[in-house]
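**Student:** Pasting a structure below so you can have a look.
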């Protein structure tokens, strides 16, 4: 069957029973997604022609007709159809590449986050906020977000060390400066939209700070002067990192405001307590006309996405990169 994608004027080939989001991702169609369970609403699109079917238990698989909005992650293809995907004012097409890189530095940012810097022979063409797949060995492969802006010949990745994780244990104990690795990318659709001139909110949890740093650096390097509010949430004071980078960026942009939120209320270090989404909820009652970039654990990204839509933000303006655990 054929799936026509508007307004890209692309035709994709699929099989009956395929998941719509899987088909879009496999063909690098730019659409944001997060929870992949129908909760966050970031993969919303519209059926223009033909029929699709809601995924889920058999008694809840309602057919979706033309004109209806659907969540791509919860949609099964049943016949040829036409799909409209949102917010294509800035579709970017970066050809996928595989580069040979060399590890140039390994630094401990916290007790369980390591910064890995990788030199590449020429800049990787990507948009701020995207990620790449790193292959340390044939058995140690994992996607990580770039923390630098476009044009760098040294990429930077922030890797949280997972207890007993196959890939992160290798990074923690065996990876060394001078090692060769493969970098494949770019990937991801939660990238910086450069034509937008309204207020922006960035919400990062843990190593979700990496793509947010890339987005902020890309904004400043591109001359964007939007009002920006950055919310960075962690569990404890020991999990904080990158504050000096945020201060440096803030010094370059008078309309950038940084809010650091530490969940453990008893830290007593001058930061806001509680979860980061509560801080956002307390600060903003209405967010019509804003754009959001979210990165971090799925539970945080899901909650933030729901909150922002409740505050009036256009779902098409919520760009999410949820770090789904793989146990590796």
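The values are calculated or read from the model by the stated rules, or taken from the named source; none is laboratory data. Note that this is a predicted model, so its numbers are computed, not measured. For neighbour counting, all protein chains shown are included, and Cβ atoms are generated from backbone atoms with ideal geometry for every residue, glycine included.
**Student:** So how many residues does segment 18-31 have that are in a loop (DSSP other than H, G, I, E, B) and modelled with pLDDT under 95?
**Tutor:** 5
**Student:** A further question on this structure: Give just the number: which of (1) touching a strand residue (DSSP E or B) at 6+ places or on another chain (Cβ under 8 Å); (2) part of a loop (DSSP other than H, G, I, E, B); (3) more than 28 Å from residue 21 (Cβ to Cβ) does residue 192 not satisfy?
**Tutor:** (3)
**Student:** Let me ask something additional. Just the residues that are under 11 Å from residue 114 (Cβ atoms) and either in a strand (DSSP E or B) or modelled with pLDDT under 95 (or both), please, taken from segment 157-178.
**Tutor:** Result: 157, 158, 159, 160.
**Student:** Right, here's the next one. Scan segment 288-302 for residues that are more than 14 Å from residue 320 (Cα to Cα), surrounded by fewer than 21 Cβ atoms within 10 Å (Cβ to Cβ) and under 21 Å from the mean Cα position of the chain (by Cα) and report the count.
**Tutor:** The number of residues fulfilling the criteria is 1.
**Student:** Against the definition (buried (at least 17 other Cβ atoms within 10 Å of the Cβ) and modelled with pLDDT under 95), how does residue 271 come out, yes or no?
**Tutor:** So residue 271 fits the description; yes.
**Student:** Sticking with this structure for a sec: Output the number of residues of segment 147-178 satisfying the condition of being surrounded by fewer than 16 Cβ atoms within 10 Å (Cβ to Cβ) and in contact with a strand residue (DSSP E or B) (Cβ under 8 Å, 6 or more places away or on another chain).
**Tutor:** Residues in segment 147-178 being surrounded by fewer than 16 Cβ atoms within 10 Å (Cβ to Cβ) and in contact with a strand residue (DSSP E or B) (Cβ under 8 Å, 6 or more places away or on another chain): 6 in total.
**Student:** If you don't mind, another one. Can you name every residue in segment 1-38 that is out of contact with any strand residue (DSSP E or B) (no Cβ under 9 Å at 6 or more places or on another chain) and either exposed (fewer than 14 other Cβ atoms within 10 Å of the Cβ) or touching a residue at least 40 places away in the same chain (Cβ under 8 Å) (or both)?
**Tutor:** 8, 9, 30, 37
**Student:** Out of segment 210-236, which residues are part of a helix (DSSP H, G or I) and in contact with a strand residue (DSSP E or B) (Cβ under 6 Å, 6 or more places away or on another chain)?
**Tutor:** The answer is 210, 211, 212, 214, 215.
**Student:** Now for a different question. Based on what the data block shows, is residue 220 free of Cβ contacts under 8 Å to residues at least 40 places away in the same chain, in contact with a helix residue (DSSP H, G or I) (Cβ under 7 Å, 6 or more places away or on another chain) and in the same structural domain as residue 275 (by TED's automatic domain parsing)?
**Tutor:** Yes, satisfied.
**Student:** Something else: Restricting the search to segment 115-156, which residues are outside any strand (DSSP E or B) and more than 19 Å from residue 189 (Cα to Cα)?
**Tutor:** Selection gives 120, 121, 122, 123, 138, 139, 152, 153.
**Student:** Filter segment 81-108 down to residues that are farther than 30 Å from residue 239 by Cα and in a strand (DSSP E or B) and give me whichever is modelled with the lowest pLDDT.
**Tutor:** My answer is 97.
**Student:** Sticking with this one: Taking the stated definitions as given, is residue 141 closer than 30 Å to residue 239 by Cβ and under 23 Å from the mean Cα position of the chain (by Cα)?
**Tutor:** Yes; evaluated as a whole, the condition is true for this residue.
**Student:** Among the residues of segment 120-134, count how many are under 18 Å from residue 217 (Cβ atoms) and either free of Cβ contacts under 8 Å to residues at least 24 places away in the same chain or touching a strand residue (DSSP E or B) at 6+ places or on another chain (Cβ under 6 Å) (or both).
**Tutor:** The qualifying residues number 5.
**Student:** Would you confirm, using the coordinates I've provided, whether residue 217 is closer than 25 Å to residue 313 by Cα and modelled with pLDDT under 95?
**Tutor:** Criteria not met by residue 217.
**Student:** Within 14 Å of residue 199 (Cα to Cα) and either part of a loop (DSSP other than H, G, I, E, B) or in contact with a helix residue (DSSP H, G or I) (Cβ under 9 Å, 6 or more places away or on another chain) (or both): does that describe residue 281?
**Tutor:** no
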